[in-house]
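Trainee: One structure is given below, represented as structure tokens, and several questions about it will come after.
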């Protein structure tokens, strides 16, 4: 998958049948540092959004990731996901 930042790419770029999969891949990219520094807050944010959009895989990965995060980081990730969902 090509490296891209979903905040820069238009919302239409992740629309359609593969939207949840693309969002899940974004979460994995941040979790594993693929093409960007590891950022667990951003990873949880994108996995959470993907799970909300219907990705069972993202929901499982989100739960695993959340178990390793501090409460502060988890709150920041949830807030970031909520803000993104409000704007998109």
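Trainee: Quick one: which of 47, 78 is under 17 Å from residue 88 (Cβ atoms), within 10 Å of the chain's Cα centre (by Cα) and modelled with pLDDT of 95 or more? Step through it out loud before you land on a result.
Mentor: Details: 78 fails: within 10 Å of the chain's Cα centre (by Cα).
Result of the check over 47, 78: 47.
Trainee: I need every pair where a residue in region 44-55 that is touching a residue at least 40 places away in the same chain (Cβ under 8 Å) has its Cβ under 6 Å from the Cβ of a residue that is assigned to a helix (DSSP H, G or I) and surrounded by fewer than 22 Cβ atoms within 10 Å (Cβ to Cβ), sequence separation at least 6 or different chains.
Mentor: Taking only residues 6 or more apart or on different chains, not a single pair turns up.
The values are calculated or read from the model by the stated rules, or taken from the named source; none is laboratory data. In this text the structure is predicted, and so the values were computed from the model without any measurement. Neighbour counts run over all protein chains shown; Cβ positions are idealised from the backbone, glycine included.
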